[in-house]
Amino acid sequence: MRNDKVGIWVALALLLVLTRFGHFGHSSQPLDASWAVFLLGGALLRGAAPLLGLCALAGAVDVTAFALGASTTCMSAGYAFLLPAYAALWWAGRVGGAGELRTLPRIAVAAVLGAVAAFAITNAGYFALAPDLAAMPPGVFALRVALYLPSYVIATLVYVLTGHLLVHATAALRQRVRPQHDDAG
């Protein structure tokens, strides 16, 4: 990876680590930015290595949270469905792209669709493989989890748009700060 891409990966990794514990119900933590991290990674990074690295980091944060006493209520074999969900988010980031500021509407649509897809994938996996849900009718489960969809979409969208704005602001600042070379010399 080029230096600028390493910097982006490190920034995304820090955002994931600093916010992911909020996923486990710690109200003192900022909202979980994990899904936005994968969307931004898909838009800004190339190749499978950054995706796999972020997947491994998310898993490590989860293991740490569980070791520190976070509830394992939602843990089941369905946890494996996070991998295709993260891949869907990464792909949505690629589709949304990292274009000009005028492309923010396209980026927003891709982020919303990616978040909805990830929500469906993770919840379908949990429903299919969580032993404590075996007796629950699918419609009842869908209605119960649908209540959480807006908060996932909104948090993801806010982080993604903020991330893209920061990338654009940083690029603009670099252009202004970059010394002008004299072509006459």
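The values are calculated or read from the model by the stated rules, or taken from the named source; none is laboratory data. Note that this is a predicted model, so its numbers are computed, not measured. FYI the Cβ positions are ideal-geometry reconstructions off the backbone, even for glycines, and counts take in every protein chain you see. These accessible areas exclude ligands, DNA and RNA; they are computed on the full protein's heavy atoms, side chains included. Shrake-Rupley method; radii C 1.70, N 1.55, O 1.52, S 1.80 Å.
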Sort through LEU15, LEU31 and tell me the only one that's outside any helix (DSSP H, G or I) and open to solvent by 10 Å² or more (accessible area, probe 1.4 Å). LEU31
Scan of the stretch 73-130 for residues that are touching a His at 6+ places or on another chain (Cβ under 8 Å) and open to solvent by less than 40 Å² (accessible area, probe 1.4 Å), ordered by number: LEU104, ILE107
Condition set over 15 Å from the mean Cα position of the chain (by Cα) and more than 21 Å from LEU45 (Cβ to Cβ), scope the stretch 96-119, selection modelled with the lowest pLDDT: answer is ARG102
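Just a yes or no: is a residue in the stretch 34-45 of a type in the set (A, V, I, L, M, F, W, C) and open to solvent by 40 Å² or more (accessible area, probe 1.4 Å)?
no
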